[in-house]
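Contents: one structure, followed by commentary.
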Amino acid sequence: MNDHEHNHDEEYEHSHGHTHPHKQRKQVTNRLARIEGHVRSIKEMSDNGRDCPDILLQIAAVKKALDGVAKVILKDHLEHCVVSSVQDEHRNQVLSDLQKALDNYIR
């Protein structure tokens, strides 16, 4: 397993100092790999002089796919990290980290 591959049942430590299993990690990795391949094919389309509307359509598909994977990550984080931190002394840090992530994602 290389640095970019992880067991989906593996626990990850967050900046707030405790670990949680991310059950959707494998699904996220698979979706990102498909998106990565899709972006490479868009680059090839551009290199090969494909029509701009075709390229823009494919870019729109990638944007939608990225939004979908972001939704999976957020749902997983809410269900496993935020919920478990409710009784945790790191609750404020977890919520602050989530707010920062949302502020960066939704501008």
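None of the figures in this text is laboratory data; all of them are computed from the coordinates on show. Since the model is a prediction, treat every value here as computed from it, not as a measurement. Using ideal geometry, Cβ is built from the backbone for each residue, glycine included, and neighbour counts are taken over all protein chains shown.
What the table below lists for this structure:
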| read-out | value |
| --- | --- |
| Paramagnetic label zone (point 7 Å from Cα along Cα-to-C-beta, Arg34; backbone N under 14 Å) in the range 46-64 | 61-64 |
| Greater than 26 Å apart at Cα, pairs in Lys23/Lys43; Lys26/Lys75; Lys43/Lys75 | Lys23/Lys43; Lys43/Lys75 |
| Peptides ranked, highest mean first, by Cβ atoms within 10 Å: ranges 44-54, 65-75 | 65-75, 44-54 |
| Spin-label model distance (nm) - Lys75 vs Leu57, 7 Å beyond Cα toward Cβ | 2.8 |
